[in-house]
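A short write-up of the structure that comes next.
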Amino acid sequence: MTRMPVGTARSSHEDATTAGSAAARAALAGLDGADPDLVIVYASIRYDLAALLAGIRAVTGETPLIGATTSGQFTEGEFIPPGPAVSVMILGGGRYQFGTAVVGGISDDTVAAGHDLARRALGAAGPATAPHGALLVLADGMAGDMQGLLTGMHRVTGARIPVVGGAAGDDRTFAGSSVFHGGEVVANGAVAAWIGSEHPLRVVSGHGWQPEGLPMLVTRVEGQVVHEIDGRPAIEVYREVVVDDAPAAVPEGARVDWRTAHSFGLIEPDGTQVVRGAYVDEHGALRTFTPLPEYCAVQIVSADQQSLLEVIDEVVEDALSDIADPAVMLTFSCIARLDLLRDREGEEAARLHKASGSVATFGFYTYGEFARSVSVSGYHNATITALAL
């Protein structure tokens with residue numbers, strides 16, 4: 001099977017149109033004349049995003065385009081911190097079948113939005129559907145229950161279709177994130193690319209977090225607020241395990257009250273854990289970034305820098321294990337990981353690239369990660385997820 005042509009490039013030019021067109025031209029050159037099939041764009045909110053996309057599409061034309069705003073990016077081993085930058089990847093050569101779609105207003109009903117998004121993306125791929133596939137999903141990271149979005153997609157695709165992607169960021173400004181579809185910038189939206197394949201595709205994830213204490217039962221939640229654990233006030237139970245949750249240093253731009261040194265590990269039926277970021281808000285309430293299911297089993301988890309870095313090798317090895325002649329590793333890492341790595345923040349991108357060998361690496365720092373393989377669950381925090389193509 002012929003290896004898929006891939007081109008990647010980035011620009012930090014201060015003018016949005018110039019930055020977009022420069023990155024797109026350099027990425028397109030990497031295809032060595034092959035026809036482009038899909039354009040993926042990650043960009044800072046500090047740009048005029050409509051002008052940025054116009055600059056890219058002046059180069060790539062009507063080639064399907066999806067993307068998102070970020071809180072930092074990484075491409076080919078280079079760490080790009082939050083701030084003015086755009087990264088462009090172009091996939092070509094006809095090895096995969098792509099269909100893209102976008103939905104808006106997802107905060108009104110994330111389950112319905114996910115259902116609609118998956119249906120539209122699958123329909124856009126055309127009638128000659130490949131025997132295998134995956135969904136690449138990018139969503140506004142502040143638009144509600146992202147697990148609900150996955151649930152809606154699951155109802156269309158069934159359990160056999162893996163989902164990968166991330167929740168858009170906004171350079172830690174918390175002013176609002178957006179997704180891209182074609183030349184359109186959409187707030188409170190989600191975008192997806194159906195990836196049709198002749199061979200099975202695998203989504204993998206890893207986090208490096210370790211449990212502290214015994215499993216507990218969440219006995220009362222209200223949205224993102226955890227009220228009771230094991231029938232007791234949740235904050236009391238949390239404080240018994242977490243004596244000091246403050247990071248050693250608060251990264252520039254990070255919210256002081258978003259404590260990332262400890263999280264919840266949502267225990268899955270197979271014994272693995274899905275990380276759910278937790279913090280104590282200004283009112284002393286224990287919150288998670290996405291709601292925990294009532295009566296779920298959890299453990300409090302923590303992580304150190306070395307564990308966060310070492311899990312990268314495991315994720316890459318797993319992602320590359322069952323694919324012939326892979327060309328690219330599409331990767332999504334959480335802004336919480338970046339905050340915890342602090343002075344070692346550049347090591348993640350470098351380690352990912354080294355472990356991937358000749359395979360191109362491309363991704364961004366998210367407000368949450370999608371990685372669903374065969375179950376309904378699959379929205380993560382403080383995790384790194386990947387799909388090799």
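Of note:
- Ordering of 312-324, 51-63 by packing [mean C-beta count within 10 Å, highest first]: 51-63, 312-324
- Distance between modelled label sites at Thr272 and His132, nm, 7 Å Cα→Cβ extension: 1.7 nm
- Cα-projected label distance for His199 with Ala350, points at 7 Å along beta-carbon direction, nm: 3.2 nm
- All other residues whose Cβ lies under 11 angstrom from that of Gly265 are scored, Lys and Arg at +1 and Asp and Glu at -1, for a net of -1.
- Between Thr75, Ile195, Gly378, the Cα set farthest toward the positive side of the dipole of the chain (charges on each charged residue's Cβ, about the Cα centre) is that of Ile195.
- Heavy-atom accessible surface of region 149-210: percent carbon and sulfur, 1.4 Å: 48 percent
- Label-point separation in nm, Arg160 to Ala175, each point 7 Å along Cα→Cβ: 4.6 nm
- Sites Ser358 and Glu282, calculated FRET efficiency, Cβ-Cβ separation with R0 35 Å, nearest 0.05: 0.15
- Nonpolar atom fraction for region 40-82, defined as the carbon and sulfur part of the 1.4 Å probe accessible area, stands at 51 percent.
- Magnitude of the charge dipole, the chain, Cβ model with Lys/Arg +1 and Asp/Glu -1, debye to 20: 780 debye
- Based on Cα contacts under 8 Å between residues 6+ apart, the chain shows a relative contact order of 20 percent.
- Sorting 382-389, 285-292 by average packing, meaning the other beta carbons within 10 Å per residue, from highest down gives 382-389, 285-292.
- Highest to lowest packing among 338-347, 37-46, 232-241, 78-87, scored as the average C-beta count within 10 Å: 37-46, 78-87, 338-347, 232-241
- Å² per residue, accessible surface of region 255-324 at 1.4 Å: 43 Å²
- By the helix-only formula, in which each DSSP H run with n ≥ 4 contributes -39500 (n - 2.57) and the sum is divided by residues, the chain has a 222 nm mean residue ellipticity of -7500 deg cm²/dmol.
- Estimated at 0.36 nm per residue, the fully extended path between Asp343 and Asp32 surpasses their Cα-Cα distance by 108.2 nm.
- Kirkwood Rh in Å, taken over all unlike Cα pairs in the chain: 20.7 Å
The values are calculated or read from the model by the stated rules, or taken from the named source; none is laboratory data. Owing to the predicted nature of the structure, the values given are computational and were not obtained by experimental measurement. Please note: Cβ atoms are built from the backbone with ideal geometry, for glycine as well, and neighbour counts cover all protein chains shown. Quick note on the areas: whole protein, heavy atoms, side chains included, nothing else; ligands and nucleic acids left out. Shrake-Rupley method; radii C 1.70, N 1.55, O 1.52, S 1.80 Å.
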